[in-house]
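*Asks:* Below is the structure I would like to discuss, written out as structure tokens.
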Amino acid sequence: MSKNMSTSNVYLLPLLIIFISQILYITQSQDLPNVCHPHDKKILLNIKNNLGNPSSLSSWDPNTDCCDHWITIQCNEQGHVTSLTFLQAHDVHGPIPPFLDQLPWLTGLYFLDVPNLSGPIPSYFRKLTNLTAFVISGTSVTGPIPKFLGQYTNLIQLNLPSNKLFGPVPEELSRMKSMMYLDLSNNSLNGSIPNAFAHLTNLTGMFLNLNKFSGPIPDFLANLVNVGTIDFSSNSLTGPIPAFLGRMGNLTTLGLSNNQLTGPVPKELGRSNLVIIGLANNKLSGDASFLFEKGNKQVNDIQISSNLLKFDFTNVDLSPNLSGFNISHNMIYGSLPKRFGQIWVDSFNVSYNQLCGPIPDGELFKQADPAFFSHNKCLCGGPLPACK
């Protein structure tokens, strides 16, 4: 399992929800009457013309109804456009087109996989204050995140992943107190994570991974009692892992891999509701055996490789629901637990430690790649040479 795989799957969920909702709407709208408002239709055609009439917008035919036949358009009963999606439009080049502010009924605006869309988020977007969902994903849109986005007080979902945005995150975003999903992943954003985000108490998912954020993990996260996913992996965060993360009752996915975190793993994480734990590639030290205990029935995936962890693995009673774990590149000693041969996981790696003794019998491990056991003190059996 790759270091970011667990959290990246979760990160895709909001975009998947958007895509499914768009497809369902298209399917259900085939029997709608011609209700497209003439003004809105004119604006959409102006946008298409500004983009050079790309083939990806071929359904935007001036001779058909925009609410009934134009793909990825949604309208209200008055024929005003309420949702507009540019989906996999690889033939769209240049900046975000003008005229969108002349669609005042817009509540959803999506640019999904439009790789040649470039330039900054335009200033006229400040007029789109009715938006509840704003998504720009998989584009070449660049520049800082505009402060005026804080005026989107009705916004539930702000997704700006996989673009070329840079600079610090404006504290003005904290005004979006209705927001549930915040995804700024895979950009070049830097600075500290704003403490003003403490006001976003409705958040259920917070994705800041694959950026250049620095500083400690902020204390305000303890206030986000509804959050189920925190992904801060692949940044430059420093300091310890706060113990309160293990006391957040709704938190099921924690991604902190690929940072510069130090100190011990809090024991609270072993008594939490976490299903996915990503702590790989840091400078964590001490004992983390409690993450694997049988009592943690909910834990499914544990990634703690490439740290400075040192503990006896012999008597760890592995959780029966584990589907993947990686403890490689640490200083873990002892033998493999007896239950090791009884579990069936999708992926595992115990290499580059100080483990010794026979590999427990188990069909999975007889066929496993020897590299997953390599560079230990004296492991033997299974896919490795027989024990003497």
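*Asks:* Please work out which residue is most open to solvent (accessible area, probe 1.4 Å), limiting yourself to the stretch 274-293 and to residues that are touching a helix residue (DSSP H, G or I) at 6+ places or on another chain (Cβ under 8 Å) and touching a residue at least 40 places away in the same chain (Cβ under 8 Å).
*Replies:* Step by step, filter the stretch 274-293, then rank; the result is I276.
*Asks:* While we're here: Give the stretch 111-158 a look and list any residue that's small (G, A, S) and more than 22 Å from the chain's Cα centre (by Cα), or say none.
*Replies:* Going through the stretch 111-158, the residues small (G, A, S) turn out to be 118-119, 123, 133, 137-138, 140, 143, 150.
Within the stretch 111-158, S118, G119, S123 qualify.
*Asks:* For a quick check of your reading of the model, give me the residue pairs whose first member lies in the stretch 320-332 and is within 11 Å of N307 (Cα to Cα), whose second is open to solvent by 70 Å² or more (accessible area, probe 1.4 Å) and part of a loop (DSSP other than H, G, I, E, B), with beta-carbon atoms closer than 6 Å and at least 6 apart or on different chains.
*Replies:* S328/Y352; H329/Y352; M331/K310
*Asks:* Could I ask something else about it? Could you count how many residues in the stretch 143-163 are over 18 Å from R175 (Cα atoms) and surrounded by fewer than 16 Cβ atoms within 10 Å (Cβ to Cβ)? Write out each step before concluding.
*Replies:* Just the residues of the stretch 143-163 that are over 18 Å from R175 (Cα atoms), to begin with: 143, 161-163.
The next check asks that each one be surrounded by fewer than 16 Cβ atoms within 10 Å (Cβ to Cβ); those that pass are 143.
The qualifying residues number 1.
*Asks:* State all residues of the stretch 338-365 that are within 16 Å of N300 (Cα to Cα), in contact (Cβ under 8 Å) with a residue 24 or more places away in the chain and touching a helix residue (DSSP H, G or I) at 6+ places or on another chain (Cβ under 7 Å); if no residue qualifies, say none.
*Replies:* The answer is F348, N349.
*Asks:* Which members of the stretch 163-182 meet the condition of being within 15 Å of G150 (Cα to Cα) and outside any loop (DSSP other than H, G, I, E, B)?
*Replies:* Taking the stretch 163-182 first, the residues within 15 Å of G150 (Cα to Cα) are 168-182.
Those that are within 15 Å of G150 (Cα to Cα) and outside any loop (DSSP other than H, G, I, E, B): E171, E172, L173, S174, R175, Y181, L182.
*Asks:* Moving to a separate point now. Just to confirm my filter: which helices (runs of 4 or more DSSP H) fall fully inside the stretch 1-100 and include at least 3 residues that are more than 30 Å from V227 (Cα to Cα), charged (D, E, K, R) and modelled with pLDDT of 50 or more?
*Replies:* Working: elements: 5-28, 38-50, 66-69.
Result: 38-50.
*Asks:* Now, a different point. Please enumerate the residues belonging to the stretch 183-197 that are outside any loop (DSSP other than H, G, I, E, B) and open to solvent by 20 Å² or more (accessible area, probe 1.4 Å). Give the steps one after another, and end with the answer.
*Replies:* Taking the stretch 183-197 first, the residues outside any loop (DSSP other than H, G, I, E, B) are 183, 188-191, 195-197.
S188, N190, G191, N195, listed by residue number.
*Asks:* Identify, please: which residue in the stretch 45-93 is open to solvent by less than 20 Å² (accessible area, probe 1.4 Å) and of a type in the set (G, A, S) and is, among those, nearest to F125 (Cα to Cα)?
*Replies:* Filtering the stretch 45-93 for residues that are open to solvent by less than 20 Å² (accessible area, probe 1.4 Å) and of a type in the set (G, A, S), the one nearest to F125 (Cα to Cα) comes out as S83.
*Asks:* A follow-up question, please. Being among the aliphatic types (A, V, I, L, M) and within 13 Å of the chain's Cα centre (by Cα) is the filter; apply it to the stretch 228-272 and report the residue that is farthest from M331 (Cα to Cα). Show your work before the answer.
*Replies:* Going residue by residue through the stretch 228-272, those that are among the aliphatic types (A, V, I, L, M) are 230, 237, 241, 243, 245, 248, 251, 254, 256, 261, 265, 269.
Add one more test, that the residue is within 13 Å of the chain's Cα centre (by Cα), and what stays is 230, 254, 256.
Details: I230: 28, L254: 23, L256: 20 Å.
Among residues in the stretch 228-272 that are among the aliphatic types (A, V, I, L, M) and within 13 Å of the chain's Cα centre (by Cα), the one farthest from M331 (Cα to Cα) is I230.
*Asks:* Restricting attention to the stretch 85-106, report how many residues are polar (S, T, N, Q) and in contact (Cβ under 8 Å) with a residue 40 or more places away in the chain. Before the answer, list the steps.
*Replies:* As a first pass, look at the stretch 85-106 and keep what is polar (S, T, N, Q): 85, 88, 102.
Applying the additional criterion that residues be in contact (Cβ under 8 Å) with a residue 40 or more places away in the chain yields 85, 102.
Number satisfying all stated conditions: 2.
Table: residues versus (1) modelled with pLDDT under 95; (2) not in a strand (DSSP E or B).
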residue: P115; (1), (2): no, no
residue: S118; (1), (2): no, no
residue: L131; (1), (2): no, yes
residue: I136; (1), (2): no, no
residue: T139; (1), (2): no, no
residue: T153; (1), (2): yes, yes
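*Asks:* Only residues that are out of contact with any Ser or Thr (no Cβ under 8 Å at 6 or more places or on another chain), surrounded by 16 or more Cβ atoms within 10 Å (Cβ to Cβ) and modelled with pLDDT of 90 or more: list them for the stretch 360-383, please.
*Replies:* L379
The values are calculated or read from the model by the stated rules, or taken from the named source; none is laboratory data. Bear in mind the structure is a predicted one, so any value in this text is a computation, not a measurement. Please note: Cβ atoms are built from the backbone with ideal geometry, for glycine as well, and neighbour counts cover all protein chains shown. Note: accessible area is taken over every heavy atom of the protein model, side chains too, but ligands, DNA and RNA are not part of it. Shrake-Rupley method; radii C 1.70, N 1.55, O 1.52, S 1.80 Å.
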